[in-house]
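The values are calculated or read from the model by the stated rules, or taken from the named source; none is laboratory data. None of the values given here were measured: they were computed from a predicted structure. Using ideal geometry, Cβ is built from the backbone for each residue, glycine included, and neighbour counts are taken over all protein chains shown.
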Amino acid sequence: MTLFTIPLRHAKAKWPRTLLLIAVLTLGLASMTGLHRVSGMIGESFEKKLISYGANILITPKKESLNISYGGYSLGDVSLDERPLFLGEAITAINRIPLRANIAVIAPKMLTAARISGGARQESSVAVVGVDFEQEIALKSYWEAAAGSLSSPGPDAPGEPVPALAGALAAEKLGLTPGQDLEINGRALRLGGVLRSTGSDDDSVIFVPLGLAQAMADKPGLASFIEVAALCSGCPIEDLVEQLSAALPGAETRALAQVAETRMYAVNFAQNLAFSVSLVILVTACAMLIMSMFSAVAERRREIGLMRAVGFSRARVFAVFVSEAAGMGFLSGAAGYAAGRFLSSYVLNRLQLAENAGLDFDLLNFMAVSLAAALAAALAAILPARSASRVEPAEALIAL
Amino acid sequence: MSATPAAPCLLHALNLVKTHPGAEKPAVDHLNMHLEQGEFLSILGRSGSGKSTLLHILSSLILPDAGKVLFQGRDICAAPDNERNHLRRRDFAVVFQQHHLLPYLSALENVLLPFLRGLSPITAQEQDNARRMLEKVGLSGKENSLPGRLSGGEQQRVAIARALARGARILFADEPTGSLDSVTGTSIIQLLRDLNREGLSIIMVTHNPEFASWTSRSITMGDGRTLQG
Ligand SMILES: Nc1ncnc2c1ncn2[C@@H]1O[C@H](COP(=O)(O)OP(=O)(O)OP(=O)(O)O)[C@@H](O)[C@H]1O
Ligand SMILES: [Mg+2]
């Protein structure tokens with residue numbers, strides 16, 4: 001028997017009240033952990049989709065251009081000065097920005113035109129895009145191989161033919177088939193695969209390793225532009241653009257994908273809503289705990305007076321009440337975490353928001369939630385417990 | 001009324017005044033009294049004469065507005081909170097008319113109540129001692145009963161066992177037989193007399209002159225003062 005036998009026995013004796021309080025707190029915590037997980041998973045799966053929509057930030061060389069028109073005749077924008085985009089420098093700068101962790105893919109491009117031969121058709125001109133295949137495939141998770149494979153283009157090893165990928169239209173127009181040896185501007189290439197039609201510019205170009213395109217364009221170490229895919233549930237995309245602009249003063253950085261951003265906004269909104277709702281539930285549960293503790297103190301004045309009359313200090317009485325609340329909080333936290341896991345798995349699987357959302361019961365999280373709930377309940381009990389500790393010993397003697 | 005007792009004086013009240021908040025006249029009015037070591041003192045008096053108020057002041061449950069209570073020569077009314085807690089835990093024990101047990105703790109646990117110290121559990125020795133005291137007041141076999149399952153007289157005995165278990169110096173009893181029938185009441189008074197013979201000092205408020213006549217000395221109160229004793 002310790003001091004805590006008192007709250008334990010009391011909670012047991014008043015079990016309907018105890019159970020009700022635990023149930024309400026559990027409900028609050030279950031909805032909190034459950035909603036948190038569901039909205040987190042939705043955000044995560046949305047972020048995955050966001051990358052699959054491609055880049056959302058574009059870095060291009062800074063251009064100074066002048067729109068020349070005179071007497072109703074327009075020459076259009078005439079480029080006066082284009083500062084080259086040095087790839088090595090740019091990537092170093094990008095890697096140093098504070099929000100680097102939010103950048104998933106950095107995909108540089110070198111655009112050039114070339115003559116191609118070796119296909120079923122005769123030699124013709126084609127747009128060639130030099131890419132870092134690894135980054136490009138990460139960026140364009142919607143890429144599928146119509147023939148051959150995407151994975152074959154590896155780093156160009158000496159002696160091996162340089163790998164290439166062809167867009168659907170380009171392959172059709174030039175009569176290309178995977179495995180074929182090609183010649184672009186006199187350089188030997190082997191076609192690794194042909195992309196399924198994407199409906200984008202990708203369809204009509206040939207993708208080659210960046211280094212080869214740089215050499216063909218005679219622009220070693222430069223990039224035509226860099227596409228960046230950022231994960232932005234944690235930050236607004238403007239912040240990223242701002243940081244990238246600051247890091248790359250010689251280049252132009254702008255956000256693409258307004259659509260993606262609005263969608264992200266919707267996800268954020270849903271997450272905030274889930275958070276607010278669970279906060280309201282939790283605050284309500286805590287308020288109920290406080291009120292019930294206050295009424296318990298009022299009910300138990302005589303008991304408290306008795307404890308004081310047999311020598312309990314104010315601190316001891318305080319501890320009796322706070323520990324009873326903390327105990328209920330702990331149990332509610334444990335039950336709430338478990339219930340939240342079950343609930344969120346059910347919802348996620350039912351709404352097919354995540355593949356095979358298991359329980360993912362995490363012992364550390366479980367303990368953290370339980371302890372946090374115990375702490376919250378103890379905090380909620382402070383005022384009632386303080387009023388309990390102020391009961392005078394003589395109150396035990398007041399006859400009914 | 002002697003203000004300077006001959007025998008070693010255990011408890012000494014000097015000029016006690018207490019007016020309850022909202023009350024017109026004082027419940028205890030410039031009262032002097034004392035308790036000698038080993039004495040069994042009874043306090044008589046009409047209803048409302050201030051007996052309970054006096055007992056509460058003496059047992060350190062409430063503070064007087066003026067005056068002193070000397071316990072072993074030290075003014076306990078001027079003592080700090082923790083010292084008064086300690087007095088209530090160790091040296092003073094109170095037995096009320098009713099409501100002196102926590103309803104959800106067993107008889108044994110109620111006896112052990114003053115021994116609780118936070119996280120460190122009750123020792124086996126303390127537990128054995130508590131069992132012995134329950135046996136002594138005639139409650140062997142009822143250690144694990146909840147107060148709701150005990151009769152009024154048995155509940156009084158639990159409270160008395162609680163006083164004995166911690167070796168209290170003074171037992172304060174406020175109409176301990178008030179809610180009991182006369183046979184049960186008599187047995188409680190007899191128990192108190194036995195304990196007094198073993199050396200426990202007792203102050204008991206009672207309405208029953210017969211019970212008072214069994215004690216070593218009685219004082220009668222009227223209008224907050226001692227009328228005789
Ligand atoms: N908590 C209180 N607040 C206000 N007045 C009180 C309080 N307790 C007692 N009194 C008043 O103080 C006076 C003395 O009360 P006390 O309870 O000491 O008398 P008592 O002699 O014990 O009476 P009884 O024999 O009926 O128990 C009474 O007039 C009573 O109304
Ligand atoms: Mg009284």
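General remarks:
- The selection criterion, being away from chain B (no Cβ under 14 Å), touching a Pro at 6+ places or on another chain (Cβ under 6 Å) and either within 23 Å of B:Arg88 (Cβ to Cβ) or at pLDDT 90 or above (or both), holds for A:Val297.
- Going through (1) surrounded by 15 or more Cβ atoms within 10 Å (Cβ to Cβ); (2) closer than 17 Å to B:Glu36 by Cβ one by one, B:Ala161 falls short only on (2).
- Unique residue being closer than 30 Å to B:Asn208 by Cα and crowded, with 21+ Cβ neighbours inside 10 Å when the list is B:Leu70, B:Leu61, B:Leu113: B:Leu61
- Within segment B:9-46, considering residues that are part of a loop (DSSP other than H, G, I, E, B) and under 16 Å from the mean Cα position of the chain (by Cα), the one nearest to ligand 2 (Cβ to nearest atom): B:Glu39
- Among the residues of segment B:47-60, those that are part of a loop (DSSP other than H, G, I, E, B) and either more than 16 Å from ligand 1 (Cβ to nearest atom) or in contact with a strand residue (DSSP E or B) (Cβ under 7 Å, 6 or more places away or on another chain) (or both) comprise B:Ser49, B:Gly50, B:Ser59, B:Ser60.
- Residue check for A:Leu273: surrounded by fewer than 17 Cβ atoms within 10 Å (Cβ to Cβ), assigned by TED's automatic domain parsing to the domain that holds A:Ala376, over 30 Å from B:Glu109 (Cβ atoms) and modelled with pLDDT under 90: yes
- Checking B:Val183 against (1) touching a residue at least 24 places away in the same chain (Cβ under 8 Å); (2) under 23 Å from B:Asn208 (Cβ atoms), the condition it does not meet: (1)
- Residue in segment B:77-93 that is within 16 Å of ligand 2 (Cβ to nearest atom), farther than 21 Å from B:Arg197 by Cα and outside any strand (DSSP E or B) present: no
- Restricting segment A:300-347 to residues that are within 14 Å of another protein chain (Cβ to nearest Cβ) and polar (S, T, N, Q), the residue that is surrounded by the fewest Cβ atoms within 10 Å (Cβ to Cβ): A:Ser313
- Helices (runs of 4 or more DSSP H) (entirely within segment A:1-117) containing at least 1 residues that are at pLDDT 80 or above, of a type in the set (Asp, Glu) and surrounded by 12 or more Cβ atoms within 10 Å (Cβ to Cβ): A:87-95
- Criterion: at the interface with chain A (Cβ under 7 Å from one of its Cβ atoms) and part of a loop (DSSP other than H, G, I, E, B) - qualifying residue of B:Leu101, B:Leu105, B:Leu112: B:Leu105
- A single member of B:Ile203, B:Ile170, B:Ile188, B:Ile219 is more than 14 Å from chain A (Cβ to nearest Cβ), away from ligand 2 (no atom under 16 Å from the Cβ) and within 29 Å of B:Ala13 (Cβ to Cβ), and it is B:Ile188.
- Candidates A:Gly118, A:Gly130, filtered to the one that is in contact (Cβ under 8 Å) with a residue 60 or more places away in the chain, touching a strand residue (DSSP E or B) at 6+ places or on another chain (Cβ under 9 Å) and over 29 Å from A:Pro249 (Cβ atoms): A:Gly118
- Members of segment B:29-64 that are within 14 Å of chain A (Cβ to nearest Cβ), out of contact with any helix residue (DSSP H, G or I) (no Cβ under 6 Å at 6 or more places or on another chain) and not small (Gly, Ala, Ser): B:Lys51, B:Thr53, B:Leu54, B:Leu55, B:Ile57, B:Leu58, B:Leu63
- Check on B:Asp81, surrounded by fewer than 16 Cβ atoms within 10 Å (Cβ to Cβ), more than 15 Å from the chain's Cα centre (by Cα) and more than 11 Å from every other protein chain (Cβ to nearest Cβ): no
- Residue-level check: of (1) more than 16 Å from ligand 2 (Cβ to nearest atom); (2) in contact (Cβ under 8 Å) with a residue 12 or more places away in the chain; (3) charged (D, E, K, R), B:Glu175 misses just (1).
- Helices (runs of 4 or more DSSP H) wholly inside segment A:272-389 containing at least 2 residues that are aromatic (Phe, Trp, Tyr): A:314-350
- Per-region count, segment B:20-46, residues free of Cβ contacts under 8 Å to residues at least 40 places away in the same chain and within 14 Å of ligand 1 (Cβ to nearest atom): 5
- Of the numbered criteria (1) closer than 24 Å to A:Gly311 by Cβ; (2) more than 16 Å from ligand 2 (Cβ to nearest atom); (3) modelled with pLDDT of 90 or more, the one B:Leu55 fails is (2).
- Selection from segment A:279-300 of residues that are free of Cβ contacts under 8 Å to residues at least 60 places away in the same chain and among the charged types (D, E, K, R): A:Glu299
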